[in-house]
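**Student:** Structure incoming, see below.
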Amino acid sequence: MGTFNFNGDVNAGVIGDNATVNIGQQDTAAQTLRLAAELAQWLRDQGAAPTRIEAADVLHGELDRAAQERRPAEPGVIRRSLETITLGLGVGSGGLALAQEISRLLGN
């Protein structure tokens, strides 16, 4: 457990951005988008089925549009894409690891 000492009153003027304290990893949207691109490329390199590659492209596209529009990614699109991609991927494979990390970053 950590102890944080503030020398004075704690208010919006002294903490974070508009009284928001961000702890942990930041800019997960950019990292998630990069991982989605890596996943699509990994599937292509592995000669994956066209449906999996298409799902990876849909996933990457939704994440990119969401970032550009400054909105959360559509959970249904993300979930369906990840399910299609991961069905049948071997445990411990690079593709499964990428998909799991994307899911973790998105909180799915």
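**Student:** Compute the distance in nm between two label points, each set 7 Å from the Cα along the Cα-to-Cβ direction, one at E83 and one at R44.
**Tutor:** The answer from the label model is 2.7 nm.
**Student:** Determine, from the Cβ-Cβ distance of A67 and A97 and an R0 of 22 Å, the FRET efficiency 1/(1 + (r/R0)^6), rounded to the nearest 0.05. Please report the intermediate quantities before stating the final value.
**Tutor:** On the way: r = 22 Å, r/R0 = 1.02.
Using R0 = 22 Å, I get an efficiency of 0.45.
**Student:** Want the number for T51 to Q31: 0.36 nm per residue separation, take away the alpha-carbon distance, what's left? Numbers along the way, then the final one.
**Tutor:** Numbers: separation 20, 0.36 × 20 = 7.20 nm, distance 2.40 nm.
Length difference between fully extended and current span is 4.8 nm.
Just so you know, all these numbers are worked out from the coordinates, no wet-lab data involved. All values derive from a computational prediction rather than experimental measurement. For neighbour counting, all protein chains shown are included, and Cβ atoms are generated from backbone atoms with ideal geometry for every residue, glycine included.
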